[in-house]
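Data first, discussion second: the structure below is written as structure tokens.
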Amino acid sequence: MLSCAVNLKHLNLKGNQIGDSGCKELALALLNPEEKNESDDKPLEEQQSKRKKIEYLNLNTNIFTNIGLMDINRLIFRNPSLTYLDVGCNRYE
């Protein structure tokens, strides 16, 4: 469904308990739905132009661990538009 939300700027998933697998799916969907089949060899500008320009992401209380946090970390570094991120009350160390 996220692949259809072209103009998505704010996403509040607080308390949805998406877990590690949900973090992975979320990161893939927000970065680019086709990224699963794309190579990272493409120019960074081309990769970023296809990504969702999410600015606000609330993942508080979603029971993810360091594994899920690694996927969110990838999202952070590849999404310069992200200005707010809440990952509090989860199970990472």
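The values are calculated or read from the model by the stated rules, or taken from the named source; none is laboratory data. Only a predicted model underlies this, so the values are computations on that prediction, with no experimental measurement involved. Cβ coordinates were reconstructed from backbone atoms using ideal geometry, including for glycine residues, and neighbour counts include every protein chain displayed.
Pull up segment 6-18, narrow it to residues that are at pLDDT 85 or above and over 11 Å from LEU59 (Cβ atoms), then point me to the one that is surrounded by the fewest Cβ atoms within 10 Å (Cβ to Cβ). Working first, answer last.
Step one: list which residues in segment 6-18 are at pLDDT 85 or above, which gives 8-18.
Add one more test, that the residue is over 11 Å from LEU59 (Cβ atoms), and what stays is 8-10.
Details: LEU8: 16, LYS9: 12, HIS10: 10.
Going through the qualifying residues, I end up with HIS10.
Within segment 34-65, track down each residue that is surrounded by fewer than 18 Cβ atoms within 10 Å (Cβ to Cβ), at pLDDT 90 or above and in contact with a helix residue (DSSP H, G or I) (Cβ under 9 Å, 6 or more places away or on another chain).
ILE63, THR65
Filter segment 9-27 down to the residues that are closer than 18 Å to PRO80 by Cα and among the basic types (Lys, Arg) and list them by number.
Answer for segment 9-27, where residues must be closer than 18 Å to PRO80 by Cα and among the basic types (Lys, Arg): just LYS9.
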